[in-house]
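Reviewing the structure listed below.
Taken together, the values in this text are just the output of simple stated rules run on the coordinates, not laboratory data. Because the structure is predicted, anything quoted here is derived from the model rather than measured. So basically every Cβ, Gly included, is an ideal-geometry build from the backbone, and we count neighbours across all protein chains shown.
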Amino acid sequence: MTYLAKNIMKVQPAATIAVTNRAMELQAEGRDIISLGMGQPDFDTPDHIKEAAVKAIWDGETSYPPVPGTPAARQAVKDKFKRFNGLDYDIDQVMVSAGGKQVIYNALVATLNPGDEVLLPAPYWVSYPDMVTALGGVNKAIPTTLENNFKMMPEDLEAAISDKTKWLIFNVPSNPTGAAYTRAELEALAAVLERHPHVLVLSDEIYEHITYGDFKFTSMASISPAMYERTLTMSGVGKAYAMTGWRIGYAGGPKELIKTMIKVQSQATSGACSIAQAATVAALNGPLDIVEERVREFEARRDMVVSMLNQAKGLSCPTPEGAFYVYPNCADLIGKKRPDTGAVIANDEDFVTYLLEGEGVAVVHGAAFGLSPNFRISYAASRQQLEDACQRIQRACAALID
Ligand SMILES: Cc1ncc(COP(=O)(O)O)c(C=O)c1O
């Protein structure tokens with residue numbers, strides 16, 4: 001009999017990290033591996049942000065910060081919500097945490113009772129279901145389709161809601177598909193949610209700045225007063241400002257919820273690093289032009305990757321509106337045989353194993369995100385690497401035997 005907690009025993013290590021570790025092992029053995037498994041920008045933190053952190057160190061901003069965030073960081077978050085998202089939050093409706101992940105964890109600890117249901121449009125970010133499981137909640141996936149560009153349909157949301165539903169957690173633009181809902185699409189979902197006022201909404205907007213073409217990002221909480229009152233809006237500086245290692249996320253939402261999340265945080269981490277919060281103030285109050293320049297680079301990569309994947313035999317890949325992921329479907333390859341071992345490709349995990357072993361391309365299988373048969377490619381890598389990876393994928397697909 002183990003002394004470990006039952007709920008934590010059900011939690012899986014993140015597949016994204018497992019793939020990256022496997023790719024690193026193969027690299028260490030001397031194999032030529034292109035690793036497209038991890039979800040972080042391949043850029044550095046902009047200089048003005050680093051300088052703000054150095055200044056904070058020399059200014060002695062080195063003691064415990066207030067649990068909900070430094071006054072300057074909270075103010076910067078409040079201002080950013082108003083400026084970019086059109087959301088009016090009071091200071092006590094916003095908080096800063098050690099990463100977007102801690103925001104979500106705080107929210108779930110603050111609200112979940114055993115048996116509470118959490119709705120997750122699938123494919124979903126890998127960590128949501130595991131956090132829910134760890135806290136005794138019940139995950140309910142709402143499958144989406146390639147035909148609907150992986151977006152949840154209002155009728156499917158309606159059908160999934162029960163008396164036990166506590167949260168809908170969704171992510172716009174999405175990790176792993178890059179799909180992003182337009183204002184009209186959010187309004188249609190809000191119309192369903194407004195009929196079920198007991199359902200809270202966690203809107204994970206961590207990729208909000210990374211959108212392409214004419215797409216205009218909209219926050220769920222800005223759709224209507226009813227949505228504002230029960231939506232927790234989460235974001236962070238990691239993805240937009242290439243600051244994943246600084247570990248800063250933040251949230252805005254209903255007062256009582258934020259107050260309880262602060263209570264949770266006070267007993268977990270006592271809040272986020274003071275130096276990283278000073279850097280966040282510089283990021284949020286600073287110009288967006290460097291972010292926009294990087295987004296244009298991501299867009300060029302997206303166009304190249306989508307085009308090359310759609311030329312691969314048996315793959316089909318919609319064009320996402322944002323983030324830096326694509327989620328191609330590989331249904332036409334299931335049942336074929338590997339040319340090297342003769343093994344049958346029975347599912348998307350077999351396919352990504354084949355890509356890694358056969359061609360040295362590390363990507364993550366769709367089952368990890370709750371929708372198969374697909375796989376996720378992160379195009380936060382150089383164009384050279386991406387072109388090489390896509391050529392290898394094309395070669396791998398063409399070599400499969402009927
Ligand atoms: C959808 C989504 N939400 C939240 C996070 C967590 O962000 P952070 O690194 O700020 O904890 C990630 C990071 O991969 C993500 O992809």
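May I ask you to compute the full-extension gain from Asp163 to Ala268, defined as 0.36 nm times their residue separation minus their alpha-carbon distance, rounded to one decimal in nm?
Additional length available on full extension: 34.8 nm.
Could you give the Stokes-Einstein D for the range 287-402 in µm² per second, using the C-alpha Kirkwood radius, 10 °C, 1.306 mPa s?
It diffuses with D of about 109 µm²/s by this estimate.
Using the alpha-carbon atoms, what tilt in degrees (0 to 90, nearest 10) does helix 383-399 show relative to the longest principal axis of the chain?
Rounded to the nearest ten degrees, it is 40.
At 0.36 nm per residue, minus the direct Cα-Cα distance, what do Ala5 and Gln40 gain on full extension? Give it in nm, one decimal, please.
Result: 9.5 nm gained on full extension.
Evaluate 2.2 N^0.38 Å with N set to the residue count of the range 239-302, then give the Cα radius of gyration divided by it.
It is 1.43.
To the nearest 20 debye, what charge dipole does the range 144-211 have about its Cα centre, counting +1 at the Cβ of each Lys and Arg and -1 at the Cβ of each Asp and Glu?
140
Give me a comma-separated list of calculated 3J(HN,Hα) values for the range 4-16, in order, Karplus coefficients 6.51, -1.76, 1.60 applied at θ = phi - 60°, integers in Hz, x for any Gly or Pro.
7, 5, 4, 5, 6, 5, 7, 7, 8, x, 4, 5, 5
From the P(r) of the range 1-56, can you give the percent of Cα pairs sitting at distances over 17 Å?
Of the Cα pairs, 65 percent sit more than 17 Å apart.
Taking a ≥ b ≥ c as the square roots of the eigenvalues of the Cα gyration tensor of the range 360-402, is the shape rounded (a/c under 1.5), prolate (a/b larger than b/c) or oblate? Each step should come with its number before you reach the end.
On the way: a/c = 3.12, a/b = 1.11, b/c = 2.82.
Oblate, because a/c is 1.5 or more while a/b does not exceed b/c.
Give me the dipole magnitude in Debye, nearest 20, for the range 63-285 about the Cα centre, with unit charges on the beta carbon: positive for Lys and Arg, negative for Asp and Glu.
720
Helix-only mean residue ellipticity at 222 nm, the chain, DSSP H runs n ≥ 4 weighted -39,500 (n - 2.57), per residue, nearest 500. What is it?
For the chain, the value works out to -12000 deg cm²/dmol.
Going by alpha carbons, how many degrees (0 to 90, nearest 10) lie between the helix axis of 47-58 and the longest principal axis of the chain?
The helix 47-58 is inclined about 50 degrees to the chain.
Percent relative contact order of the chain, based on C-alpha pairs within less than 8 angstrom and at least six residues apart?
22
Each residue of the range 326-331 in order: what ³J(HN,Hα) in whole Hz does its phi give by Karplus 6.51 cos²θ - 1.76 cosθ + 1.60, θ = phi - 60°, with x for Gly and Pro?
Along the range 326-331, the couplings run 10, 9, x, 9, 10, 4 Hz.
Picking from Asn310, Met38, Ile262, whose Cα lies most toward the positive end of the charge dipole for the chain (charges on Cβ: Lys, Arg +1; Asp, Glu -1)?
Ile262
To the nearest 10 degrees, how steeply does helix 71-85 sit against the main Cα axis of the chain, on a 0 to 90 scale?
Computed tilt is about 60 degrees.
Return a whole-number percent for the relative contact order of the range 231-341, with Cα pairs under 8 Å and 6 or more residues apart as the contact set.
16
Charges at C-beta only: +1 for Lys and Arg, -1 for Asp and Glu. How large is the resulting dipole of the chain about its Cα centre, in Debye rounded to 20?
On the way: 37 positive and 47 negative charges, 139 e Å.
The calculated dipole for the chain is roughly 660 debye.
Scan around Leu202 for amide H atoms under 5 Å from its own, H built in the peptide plane at 1.01 Å from N, and keep only partners 5 or more places away or cross-chain.
Answer set, sorted by chain and number: Leu168, Ile169, Phe170, Leu232.
Using a basic spin-label model with each label point 7 Å from the Cα along Cα→Cβ, how many nm lie between Lys255 and Glu299?
Between Lys255 and Glu299, the simple spin-label model gives 4.2 nm.
Considering only DSSP states other than H, G, I, E and B, which trypsin sites (Lys or Arg not before Pro) in the range 188-272 qualify as loop sites with at most 13 other Cβ atoms within 10 Å? Walk me through the intermediate numbers first.
Numbers: sites: Arg195, Lys216, Arg230, Lys239, Arg247, Lys255, Lys259, Lys263; in loops: Arg195, Lys216, Lys239, Arg247.
Filter output for the range 188-272: Arg195, Lys216.
Can you list residues from other chains, or at least 5 along the same chain, whose modelled amide H is less than 5 Å from the amide H of Gly236?
Correct list: Tyr250.
So what is log10(I(q)/I(0)) for the range 129-169 at q = 0.14, 0.27, 0.32 1/Å, when the Debye sum runs over its Cα atoms only?
Taken in order of the listed q values, log10 I(q)/I(0) reads -0.38, -0.99, -1.13.
Any of Lys151/Lys259; Lys239/Lys259; Lys151/Lys255; Lys82/Lys164; Lys6/Lys337; Lys78/Lys140 with alpha carbons more than 28 Å apart? Name them for me.
Lys151/Lys259; Lys151/Lys255; Lys82/Lys164; Lys6/Lys337; Lys78/Lys140
Please compute the alpha carbon radius of gyration of the range 63-285, then divide it by the globular-protein estimate 2.2 N^0.38 Å. Two decimals is fine. Provide the component values of the computation, followed by the final result.
Details: Rg = 16.3 Å, N = 223, 2.2 N^0.38 = 17.2 Å.
Relative to the rule-of-thumb radius for its length, the range 63-285 sits at 0.95.
Got the relative contact order for the range 63-285 handy, in percent, Cα pairs under 8 Å and 6 or more residues apart?
It rounds to 29 percent for the range 63-285.
Amide H neighbours of Val138 under 5 Å, at least 5 residues apart or on other chains, H built in the peptide plane: list them.
Answer set, sorted by chain and number: Gly115, Asp116, Glu117, Val118.
Among Leu119, Met152, Gln277, flag the residue with its Cα farthest along the positive direction of the charge dipole of the range 63-285, charges on Cβ as +1 for Lys/Arg and -1 for Asp/Glu.
Selected residue: Gln277.
Quick one: which of 144-150, 206-212 comes out on top by average Cβ neighbours within 10 Å, and what's the full order, highest first?
Details: 144-150: 16.0, 206-212: 22.6.
In decreasing order of mean packing, 144-150, 206-212 become 206-212, 144-150.
Modelling each spin label as a point 7 Å along the Cα-to-Cβ direction, I'd like the Asp90/Arg383 distance in nm, to one decimal.
Taking the simple label geometry, Asp90 and Arg383 are separated by 5.1 nm.
By how many nm would the segment from Glu29 to Gln391 grow when fully extended, if each residue of separation counts as 0.36 nm and the alpha-carbon distance is taken off?
128.0 nm
Spin-label point model (7 Å from Cα, Cβ direction): what's the Asn347 to Asp402 distance in nm?
For Asn347 paired with Asp402, the spin-label model returns 2.7 nm.
Could you sort the peptides 330-342, 361-373 by per-residue average Cβ neighbour count (10 Å cutoff), highest mean leading?
361-373, 330-342
Two-decimal Rg/Rh of the range 253-342 from alpha-carbon positions, Kirkwood Rh?
Answer for the range 253-342: 1.22.
Equivalent-ellipsoid semi-axes (√(5λ), Cα gyration tensor) for the chain, whole Å, largest first?
Ellipsoid semi-axes (Å, largest first): 34, 25, 21.
Would you kindly derive the ³J(HN,Hα) couplings of the range 180-193 from the backbone phi angles with the Karplus curve 6.51 cos²θ - 1.76 cosθ + 1.60 (θ = phi - 60°), listing them in order in whole Hz, with x for Gly and Pro?
For the range 180-193, the Karplus curve yields 9, 7, 6, 4, 4, 5, 5, 4, 5, 5, 4, 4, 5, 4 Hz.
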